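Student: Encoded as structure tokens, here's the structure I'll be asking about.
Just so it is clear, none of the values below were taken in a lab; they were calculated from the coordinates. Owing to the predicted nature of the structure, the values given are computational and were not obtained by experimental measurement. In this analysis, Cβ positions are derived from the backbone assuming ideal geometry, glycine residues included, and neighbour counts consider all displayed protein chains.
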Amino acid sequence: MDSRQLDLAAEFCELVGKPNLLEYLGLPESASPEALQKKLKARRKYMQGMQSNPKYRAEAMFLIKNFAALSGVLANPIPYLEDARRRAESQHLPVLEMTIKGVLAGGSLNYDQEDYLRRNALELGVSEATFESVLERLATSAGVQRATESLTVTAEELKTVDFYRTLGVPRHASRDEIYQKYRARTEEAKSMADPVQRDATRTRVEKAWKVLSDEKTRQQYDLSWTRTGPPARNRDAPRPVQSSTAPPVQPRSSIPKLPPSAPFANVAPTGSHPALAPPRLELLSQARQRIQLTGTPVTVSIEVRNAGELPLRGTVRADAPWLKVLTESLAPEKKQQAVRVQIDPTAVAGKAATGVVHLESEKGGNAQVEFEVVRPSLNPMIPAAIGGGLALLLLLVLAGWMLLSGPSVYTIQIDPWAQAVLIENDVAGSGTVVTVEVPNPGESTITVRHPNFKPWVKDVTLEPGGVLPVELVLDSPMSFRPSPDLKLAQLDPEVAVKVMAPFQPGLDRCLRSGVTGDAGARGVVRIHVGPEGRPIGFDAEGSGTSSPTVRKCLERQAAGPLFPPLADGDYATVRYDYVIPAR
């Protein structure tokens, strides 16, 4: 690849608001060049049919015009990603260098100062490796010794100090687990009031991290303990004596064996002491979404990720009255989470409207998602009502709509229900049946989401007149059962009836499969709803509910409805009384 290709890739990523092309395509850094090329071709084919859409015109034109350059970049993704990181870092290096020089002007550099500078660098988006290189260069130039340079782990300490116990991790812990404990112990040391105790604890923690963070040094340390055993004061039980001919016992199966003569004295592993990366809000969902309104409220999930390591705190708000935020604050400790918003069609004035959901974090930046809602001229998603007659009417209306729409329509049928159906990361609709126009047939990635079910993702070929059946799989059992210590919340009956209407045919279908004989079936199904409005449990009693197969079917259908968040209380119960006529 040449510099021109890299410049075009950077310009395109700035246009679409993504840090690199892999993020744009929704693929991990481990993806092969073949997978990247295939995804880019599929995206180009999809964009060829979106050129007339003002929302995608700039993206489509750039992608089509410069496809060869972008494809050339993805043919060798590793150097491309390094270039993308360097470009992002180069914008902030002058600020970082100025900050480091200000600290070095004091003539010293202790642990806390290095931590401060490291956090500052990561908040600017500068990588750990770049920060270490810049700090080392500037510290050497200023003649200032870094705090970690004076640390030397002696051979005696390797034999007598249990560094795993110092950090509070098991001997088989991964490097990530050791790192998390190292950061936790560092914060504990900072909070100590006694400066002598604080410095001593910090030194012990830094030495433990220095030994265990470097794989080669850790191997030597583990082998040293294999021969000598832990210090007597740390032994939980005597270790068996090793035969002189037996191979050393490896404490971790993944560590290769080293020769017995490997040196242990004056261990000074290379590498840095990384701090936890600051929080960084990253939007995974499409920044612009177009939703077709139905007769019932539509709930949409906005997927976000914390690209840092420290907790991500923030709030969510909307600037349109028809956009109701269900998740008003970010869960600080979650690495990835879904922010739920609900679109109320009754509050939308006219045939179309635009609103923005703002995600604002304390220290990790901000993001926003623009929603465009439109009312279709003929809506196939007429809410089903109680009884088989209206269910049949729904099918007739759908069939008529299909005939009027012509052969360019592709139909996605979801059992039991989808909160959102996405085609190439663009929201196409929600419900049990989603129809989309096929302006340019070809392979596209279809994603079906619902908070109670596992994500359904598949590459399919969109063909006019095609039908795609989707059967969702429960993510976890609907195991919640009310208890006396929980507070029952009130749910508006009219809202409950409205939300439940599309799901009654499915519930009846499950119950009907368990009814035998000539007598009519009667009973009740209770769906227990959690504080966020999501079904979390169910129970059923009456005719046809004793069969395990029927209950499994009911569990899936009961998990489908999504209600408004509860105003107060721990749960609410929606009751569905059913009557299945004799066959």
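Student: Where does each of 346-358, 212-224 land if you order them by average Cβ count within 10 Å, highest first? Each step should come with its number before you reach the end.
Tutor: Values: 346-358: 13.8, 212-224: 18.9.
The packing order, highest mean first, is 212-224, 346-358.
Student: May I have the extent of the alpha carbons of region 93-147 along their three principal axes, as whole Å values ordered from largest to smallest?
Tutor: On the principal axes, region 93-147 reaches 27, 20, 17 Å in Cα extent.
Student: Can you tell me the length gained on complete extension of the stretch Thr99 to Val495, counting 0.36 nm per residue apart and subtracting the Cα distance?
Tutor: Details: separation 396, 0.36 × 396 = 142.56 nm, distance 5.63 nm.
Stretched out fully, the Thr99 to Val495 stretch lengthens by 136.9 nm.
Student: Now for a different question. Stick to Cα atoms and the Kirkwood definition of Rh, then tell me Rg/Rh for region 428-486. Mind dumping the intermediate values first?
Tutor: Working: Rg = 16.6 Å, Rh = 14.1 Å.
The Rg/Rh ratio comes out at 1.18.
Student: Semi-axes, largest first, in whole Å: what does sqrt of 5 times each Cα gyration tensor eigenvalue give for region 439-583?
Tutor: Working: eigenvalues 174, 102, 37 Å².
Output for region 439-583: semi-axes of 30, 23, 14 Å.
Student: With label points built 7 Å along Cα→Cβ from the Cα atoms of Leu15 and Gln180, find their separation and express it in nm.
Tutor: Placing both labels 7 Å beyond Cα along the Cβ direction yields 4.1 nm.
Student: Same structure, new question: Can you give me the distance in nm between label points at Asp577 and Ser108, each placed 7 Å from the Cα along the Cα-to-Cβ direction?
Tutor: My value for the distance between the label points is 8.0 nm.
Student: With label points built 7 Å along Cα→Cβ from the Cα atoms of Arg4 and Leu151, find their separation and express it in nm.
Tutor: In this crude spin-label approximation the distance works out to 4.9 nm.
Student: Run down the lysines and flag those whose C-alpha is under 16 Å from the C-alpha of Lys210, throwing out any fewer than 8 positions away in its chain.
Tutor: Partners within reach: Lys159, Lys181.
Student: Kindly provide log₁₀ I(q)/I(0) values, in the same order as q = 0.15, 0.17 Å⁻¹, from the Debye equation applied to equal alpha-carbon scatterers of region 528-583.
Tutor: Debye intensities relative to I(0), on a log10 scale: -0.50, -0.61.
Student: Please work out the Cα convex hull volume for region 3-85 and give it in Å³ per residue.
Tutor: Working: hull volume 6.6 nm³, N = 83.
Cα-based convex hull of region 3-85, divided per residue, equals 79 Å³.
Student: Residues of region 443-483 with amide nitrogen under 14 Å from the 7 Å Cα-to-Cβ point of Asn53?
Tutor: 444-447
Student: Quick one: which of 130-140, 308-318, 170-180 comes out on top by average Cβ neighbours within 10 Å, and what's the full order, highest first? Let's see the in-between values first.
Tutor: Details: 130-140: 16.8, 308-318: 18.9, 170-180: 14.5.
Top to bottom by mean Cβ count within 10 Å: 308-318, 130-140, 170-180.
Student: What are the lysines whose alpha-carbon lies under 23 Å from the alpha-carbon of Lys41, with same-chain residues fewer than 8 places away excluded?
Tutor: Partners within reach: Lys18, Lys55, Lys65, Lys458.
Student: Given H placed on each backbone N at 1.01 Å, which residues far from Ile536 in sequence or on other chains put an amide H within less than 5 Å of it?
Tutor: His528, Val529, Gly530
Student: Per 0.36 nm of contour for each residue apart, how much would the distance between Asp319 and Ser141 grow if the chain were fully extended, relative to their Cα-Cα spacing? Walk me through the numbers before you get to the answer.
Tutor: Numbers: separation 178, 0.36 × 178 = 64.08 nm, distance 5.15 nm.
Taking Asp319 through Ser141 to full extension adds about 58.9 nm, to one decimal.
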